[in-house]
Amino acid sequence: MKSGIFLDTFQESFRNKMFLFFFVASSLVVGSIGLALNMDVVNGVMRGVSFFGNELRVPAFTVTEWVERLQSTLAMLIGTFGLVLALMATSTLFPQMLQKGSVDLLLCRPIPRWRLITARYLGGASIMAFNAVYLFLGVWAVLGWKSGVWNHGFLLSTILAIFAFVVLFSVVMMVSVTTESGPTGLLAAVTVLIFSPVLAAHEQITPAFSSELYRQVFRSIYWVLPKSAETIGAMRRLITERPLDVNWVVGTSLAFAVACYFATMIYFTRKDY
């Protein structure tokens with residue numbers, strides 16, 4: 001039964017063109033990067049980097065380092081852009097399920113309510129994961145074909161992008177289920193994403209507050225909310241083969257997602273539809 005609801009989410013994504021939207025947007029990004037890398041200016045830069053790095057042996061201008069910097073920048077841009085697109089495309093999954101006719105039909109089945117929400121959540125996360133793999137794999141192949149540098153850290157950064165989405169998607173789930181509004185859930189998740197870099201700089205910002213109370217409140221908000229900025233920033237360290245040090249980021253973000261999940265379960269199981 002649970003797998004049937006899981007598949008229903010995929011079928012619905014095809015009916016409302018969500019999957020097609022993801023695929024076309026990802027293809028446009030891959031195609032645009034491929035075209036940009038074939039411009040004369042990029043070819044000139046590549047030849048210059050190859051000359052300085054290989055012929056004159058200037059370490060700062062090696063092709064590998066130049067490509068790694070490009071890949072890390074692209075990974076962070078694609079990760080952020082892909083997160084926003086994914087949240088936009090999946091923000092309607094729960095409100096559509098809660099529409100009068102749909103929720104009545106679902107609740108008629110002999111399935112616990114927590115399984116309905118869980119299957120819906122996993123379905124949305126799986127749709128994003130598929131498209132994230134397609135997007136990152138396409139960009140990785142284009143960059144590798146152009147430069148001859150095949151950095152596996154770029155592929156592995158897909159895991160960080162999917163994790164960041166899974167956490168933010170829990171915000172969409174909790175808010176859209178409690179308010180039965182897709183735009184509200186989307187706004188909440190995007191707000192968390194936008195303010196994440198600000199909260200990540202709490203050590204530099206809190207000294208400017210005049211009251212210790214304000215400092216504690218700001219730090220508390222930082223530790224409670226998911227660390228989306230740190231998760232995306234970890235892509236750079238993964239690609240450039242530096243220590244990740246993301247255990248605390250993953251732990252606190254995962255705890256937040258689990259809290260959102262259980263809060264949604266409690267509300268949905270007690271709600272009288």
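Working from label points 7 Å from Cα in the Cα-to-Cβ sense, the SER32 to ALA255 distance is 3.8 nm.
Quick check: residue separation of TRP114 and ALA208 times 0.36 nm, minus the Cα distance between them. What number comes out in nm?
Stretched out fully, the TRP114 to ALA208 stretch lengthens by 29.4 nm.
Shown here: segment 215-257, whose C-alpha atoms stretch 35, 22, 13 Å along the first, second and third principal axes, sorted largest to smallest.
Descending by average beta-carbon neighbour count within 10 Å, the peptides 27-35, 207-215 line up as 27-35, 207-215, the highest first. Cα centroid separation, segment 157-198 to segment 69-133: 10 Å. Across segment 233-248, coupling constants 3J(HN,Hα) worked out from phi with the 6.51/-1.76/1.60 Karplus curve, θ = phi - 60°, read x, 5, 4, 4, 5, 5, 5, 8, 6, 9, x, 6, 6, 10, 4, 5 Hz, and Gly and Pro carry x.
Spin-label model, ARG219/ALA201: points 7 Å from Cα along the beta carbon direction are separated by 2.0 nm. Round to the nearest 0.05 the FRET efficiency obtained for LEU105 and VAL24 when R0 = 35 Å and r is the Cβ-Cβ distance. E(calc), rounded to 0.05, equals 0.70. Phi angles of segment 28-34 translate, via the Karplus equation with coefficients 6.51, -1.76, 1.60 and θ = phi - 60°, into HN-Hα couplings of 5, 5, 4, x, 5, 5, x Hz per residue; Gly and Pro are given as x. When each of the peptides 70-77, 144-151, 83-90, 179-186 is scored by the mean number of other C-beta atoms lying within 10 Å of its residues, the order from highest to lowest reads 83-90, 70-77, 179-186, 144-151. Ranked by the mean number of other Cβ atoms within 10 Å per residue, highest first, peptides 131-143, 257-269 order as 131-143, 257-269.
Every read-out reported here was derived from the displayed coordinates using simple, explicitly stated rules and does not represent laboratory data. Bear in mind the structure is a predicted one, so any value in this text is a computation, not a measurement. We place every Cβ from the backbone using ideal geometry, glycine too, and count neighbours over all the protein chains shown.
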